[in-house]
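Here's the structure, in C-alpha cells; my notes come after.
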Amino acid sequence: MTDDAPDDDASDDGVEQESTDSTDAERHDARADGGDDVDENSKREQLDEASELPDDEYLTTDQGVRVDDTDNSLTAGARGPTLMEDFHFREKMTQFDHESIPERVVHARGTGAHGYFEPYDDPDLGEYDDVSDLTKASFLQDADQRTPVFVRFSTVVGSRGSADTVRDVRGFATKFYTEDGNYDLVANNMPPFFIQDAMKFPDLVHAIKPEPDDEIPQASAAHDTFWDFASLQPETTHMLMWVLSDRALPRYFRTMEGFGVHTFRLVNDAGESRFVKFHWRPKYGTHSLVWDETQKLAGKDPDFNRRNLYSAIDGGDYPEFELGVQIVEEDDADRFDFDLLDPTKLVPEEEVPVRPIGRMVLNEKPDNFFAETEQVAFHPGNVVPGIDFTNDPLLQGRLFSYQDTQLNRFNGANWDELPINRPLAEVHNNQRAGFMRRTINGGKGSYSPNSIADGEPTEATEEEGAYVHHAEKVEGKKIRERSESFQDHFSQARLFWNSMSEAEKQHIVNATHFELGKVERKEVRERVVYDLFNNVSHDLAVRAAEGIGIEPPAEPGDEIADHDRESPALSQENTTMDTIETRRVAVLVDDGFDDDQVSDVMDDLEERGATVEVVSKMLGERSGADGTTVEADKSHVTSASIMYDAVFVPGGRESVDALEEQGDARHFVAEAFKHKKPIAALGDGVELLEAVDLPDVDLSGDGDDVVAEQGVVTDAAADDVDAFVDAFADAIAEHRHWDRTDETVSA
Ligand code: HDE
C-alpha cells in the first residue's frame, strides 16, 4: 500500500467515491492506531467486530423476533401434530440441517491459532546486508512491524473426526494479513512431495484415501491401493522415506518443522529475482512420538496435538517458529544434481544454509472453530509484491486447485469476504455480486474503464505497490513430457536414509513392517521392496522384507543410488536439545509423599520452564507426610505416561508403598521407560523403579550420589536435590534415550 494510492485519498478526505465499498471504511478504522502499519491486534479487532454480540440477551430468531419457548414445538393439542407455522422450529431445524460445509478433500482435520510475525532486527543474511536486497515484500522489512497471522495445522488423509496422532504428513498453512494484502504460505512438515506434476494429485489422493468400495481404512496409508500406486510411481520414493520416518508422527504441532516444498522466487525493488525455499523451525526443537504412543493416544486422547496447542497458548508457552530462507542465485541453479523445479527434492542445508529472517508467535486461540479454523481458506496463489512463483509443475497446478476447491466448499466466490479470510488491506474492485455477497457496494461504476466514477478504482503502477509478475522469459513447444532433469528418484531418498541415526532407521524399518504388513497383495509388497527400497538401500530392503513375508533381495537394485552422502539437518537427533522449556513432567504421588521433595523439584522444574502435573490414582487432594497437600491434576484413568515427556517419583514411605501396589503406577514408569523417556526418582521413590525392574539400568540403590544412566536419574539418599534436578533437566532436554537396550516391546 503506498501513500499516494488514489483510494487512500478518497477515504482520508471522507468523500464517499462511487467505487468505494461501504465496509472499506470499517476496515480502515480497524487498522491499528489509525496508522499505515498493520498491528497484530488489528485482525483481532476486525474479528471481534464481526462477532459482536447484541446487547439484548433474549433469545431471538434470525429475524430478531424474541422467542417464548425453545423446548416445545407448536402442536395442535398437547399430544397432537406439529404445525408448519412454527417458524421458530423450522428455522432452528433448517439451520441445524445445514450446519456443515463439505470437509476439505485433503487436510480435513485441522487446528488453528492466531499470532503475529515479526522480522528480525539483524537478519543474519550472509552476503545480504538487508532483506530488501532479496525482496521488496514489505512485511519482511521492518523489525518494528508486526503482521497478524492465522495458522492452521492439519493431517492430510483422515476425515475431520480422525485422530491427531496418525502416521501422515502434516499441513502447516499460514495466512499473513500484510498491509499489501494477504500472503498465504501453505506448507507441509516435510520438504519433498510424493509427485512431481499436479496432474497426478487426484490419483495419489484416490490411492491414499480409504478404499472406494468399503471406505476402509480411515486416516491411514497402510492399505493396498496406496502402496500399489506408490510401487508403480517411483518418484514417490523420497517422500515415502519421510512418511515412514518419525517425521510423520509429530509430538505437538509446536515442535514441528514446516517447509514451503516448492522453490519460489524472491524479487527485490530492482526487479532482481532469486530462488528461495521457505522453512519454519520450531523454537523448542523438532520432536516426534514413538509409534506405540501414537496408537494409544489415538484412543486415550485423539485430540492430543490439538489439545496441546491450546494448553500451551493458555499457559503462556506460546508456540514460536523461526522463518528461514535458502537462497539460490538464478545463475547458480544448475549447480545441483537435481532440478530446483522438482518438488520431490530438497536443497540440503549443508549446501545452502537456512538464513533466519523472522519469527512467528502463536498467542491466541480462535473464538469459534467453524467461523475461523473451518472457514479459513488458503491459496498458494495469494502472494504479495516481492514473492513470486516458479515453473514447478506441482506448484502451477496448485494455483488452480485451491481457488477451485474453495468454490466447492463455500458454494460461491465470496469466501474471501468471510472475517477470517478478509484482508486488512483495503479491497477495491468491480466484483460485487455472487452467492452470499456481504459487502454492499454503492454507485454505478462497476466496470473498467469508466468515467462516471472518475475512472476508479484505478490500476496502480509497480511504484504505487501493484503486483507485477516477474518477467521470466518462457518459450517452448506444447508437449506432455517430464523433464529429463526430473528422472532421478532415488538419490535423495538415500540421502535421507543415510542421514538417520540407527534408532531412526529402525523406526523406518518398523514402519515398513506395519504399513506393508497390512498390504494383502504380495506382489505389491514385493514391488515396493524390490523396485523402490532396494534402489535406496540394500540394507533397508532386506530389513523390510524380513518383516513382511517376502524373500529379501540378494543384490542391491539396478538403479541403486550409490553414494554415502549424509545431511545431518535431516535427523531429528540433531535438533535443539538444550532446554526443558514447555516439556510436560508427571509427578506420581499418593498420600504420604515427601513434602519437601515434591515442592522443591516441582518449583525448580517450573522455574526452568517445564509444565509439571501431579498424577495420582484418583482426582482430589493428596496429603504429604508433613501435612502439605497437592491437588491431583490427572488420575490414572484419564492420563498415562504417553501424555508426558518425563516422569518423577518422589519419596515418602506411604506414598511409595501405595504406588508399588498400583498396577497403573508401575505401568506408568515401565511404559515411560519403554518409550525412552526420562524418569527420575528421589529417596524411597527409587523403590518403585526397582519394583518395575528396569532392565540394565544402574539405580542409586546404595544411597550414594545422583546416578544418571540412560536417562534414568536417581538419588536414594536424596541429599543433593539441586544436583538431582540438574541431572534430570539434562535428561529431559535430551528428550528420548535411545541407548536403552530393552527391546521386549519395540517403541
Ligand atoms: Fe494442498 N490442497 N495440494 N498441498 N494443501 C489443499 O485446499 C493440492 C500440496 C496443503 O489448512 C486443498 O483448501 C493439489 C503441497 C495444506 O486449509 C486442495 C496439490 C503442499 C493444505 C489442495 C497439493 C500442500 C492443503 C484442500 C498438488 C505443501 C491445508 C482444501 C498439485 C507445500 C490448508 C483446500 C488448510 C489443502 C490441492 C499439494 C499443502 C484440494 C492439487 C505440495 C497445508 O485445494
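The table below lists the values:
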{"item": "Members of segment 589-609 that are under 31 Å from the mean Cα position of the chain (by Cα) and either in contact (Cβ under 8 Å) with a residue 24 or more places away in the chain or under 12 Å from Val647 (Cα atoms) (or both)", "result": "Met602, Asp604, Leu605, Arg608, Gly609"}
{"item": "Top-ranked residue in segment 249-272 [being closer than 30 Å to Asp645 by Cβ and of a type in the set (Phe, Trp, Tyr); ranked as surrounded by the fewest Cβ atoms within 10 Å (Cβ to Cβ)]", "result": "Phe259"}
{"item": "Residue count, segment 378-398 (criterion: open to solvent by 30 Å² or more (accessible area, probe 1.4 Å) and either near the ligand (Cβ under 7 Å from one of its atoms) or within 20 Å of the chain's Cα centre (by Cα) (or both))", "result": "2"}
{"item": "Residue within segment 247-258 that is outside any loop (DSSP other than H, G, I, E, B), out of contact with any helix residue (DSSP H, G or I) (no Cβ under 7 Å at 6 or more places or on another chain), touching a residue at least 24 places away in the same chain (Cβ under 8 Å) and over 28 Å from Val528 (Cα atoms) present", "result": "yes"}
{"item": "Hits in segment 185-196 (condition: closer than 15 Å to Leu232 by Cβ and within 8 Å of the ligand (Cβ to nearest atom))", "result": "Ile195"}
{"item": "The lone exception for Glu45 - which of (1) open to solvent by less than 60 Å² (accessible area, probe 1.4 Å); (2) closer than 18 Å to Asn368 by Cβ it fails", "result": "(1)"}
{"item": "Long-range neighbours under 7 Å by Cβ, at least six apart or interchain, first residue of a type outside the set (Val, Ile, Thr) within segment 463-482, second open to solvent by 100 Å² or more (accessible area, probe 1.4 Å)", "result": "Ala466/Glu459"}
{"item": "Residue ID - farthest from Arg736 (Cα to Cα), chosen from residues in segment 274-328 that are in a helix (DSSP H, G or I) and of a type in the set (A, V, I, L, M)", "result": "Ile313"}
{"item": "Test for Gly557: is it buried (at least 18 other Cβ atoms within 10 Å of the Cβ) and not assigned by TED's automatic domain parsing to the domain that holds Ala632", "result": "yes"}
{"item": "One residue from Val151, Val156, Val186 being open to solvent by 20 Å² or more (accessible area, probe 1.4 Å), closer than 18 Å to Gly324 by Cβ and at pLDDT 95 or above", "result": "Val186"}
{"item": "Identity of the residue in segment 629-670, among the polar types (S, T, N, Q) and surrounded by 20 or more Cβ atoms within 10 Å (Cβ to Cβ), that ends up modelled with the lowest pLDDT", "result": "Ser639"}
{"item": "Qualifying residue in segment 89-98 (condition: part of a loop (DSSP other than H, G, I, E, B) and within 25 Å of Glu374 (Cβ to Cβ))", "result": "yes"}
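The values are calculated or read from the model by the stated rules, or taken from the named source; none is laboratory data. The structure displayed is predicted, hence computed values, not measured ones. We place every Cβ from the backbone using ideal geometry, glycine too, and count neighbours over all the protein chains shown. Calculation scope for accessible area: heavy atoms of the full protein, side chains included, ligands and nucleic acids excluded. Shrake-Rupley method; radii C 1.70, N 1.55, O 1.52, S 1.80 Å.
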